[in-house]
């Protein structure tokens, strides 16, 4: 092949890739993430306020109830195939809060359940969430050691 043919093929391929690649409006995505993340936070605050004011719980217990409720709702909506649509529309606004983490654990479990409890759910449940857990624990341990050393000094 000649140099000219190679360059032409490369340019055609680049045009093809550009045509097939989705482009996103940054500001629209930012606004959508803000709305979805804000609504999740408003729901969490509503749950916390309800637990404190209507159920008479202290602030710490109400916060625990809020976290458990948001995790439950996220897993339920993942199972009903609603949360993935929320993530598709809201992006990081739905993925960053605790609901996104619950979704990342529940989605592979649901997807691979047909392969059985051991090789499906058991092996795949932490496919996405595993690195988050690993690096979260690792970072916590490092910061704990730093804090401990500071305490000694």
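Read-outs throughout are calculated quantities, based only on the coordinates presented, and are distinct from any laboratory measurement. These numbers were taken from a predicted model, which means no experiment stands behind them. Positions of Cβ are backbone-derived with ideal geometry, glycine not excepted, and every protein chain shown enters the neighbour counts.
Structural remarks
- Between residue 119 and residue 7, the FRET efficiency from the beta-carbon distance, with R0 = 41 Å, is close to 0.30.
- With respect to the chain, whose longest principal axis is taken over its alpha-carbon atoms, helix 3-20 is tilted by about 30°.
- Listed from fewest to most Cβ neighbours within 10 Å, the set 41, 66 follows the order 41, 66.
- Distance from the stretch 111-126 to the stretch 11-41 (C-alpha centre basis), Å: 31
- Entry note: the stretch 11-153 has Rg to Rh equal to 1.10, where both radii use alpha-carbon atoms and Rh is the Kirkwood radius.
- Seen against the Cα atoms of the chain and their longest principal axis, helix 98-111 is set at about 60 degrees.
- Here the extension length gained between residue 24 and residue 127 equals 34.4 nm, from 0.36 nm per residue of separation less the Cα-Cα distance.
- log₁₀ of I(q)/I(0) at q = 0.24, 0.35 Å⁻¹ - the stretch 68-108, Debye sum with one point per alpha carbon: -0.67, -1.31
- Contact order normalised by residue count of the chain, Cα under 8 Å, 6+ apart, percent: 18
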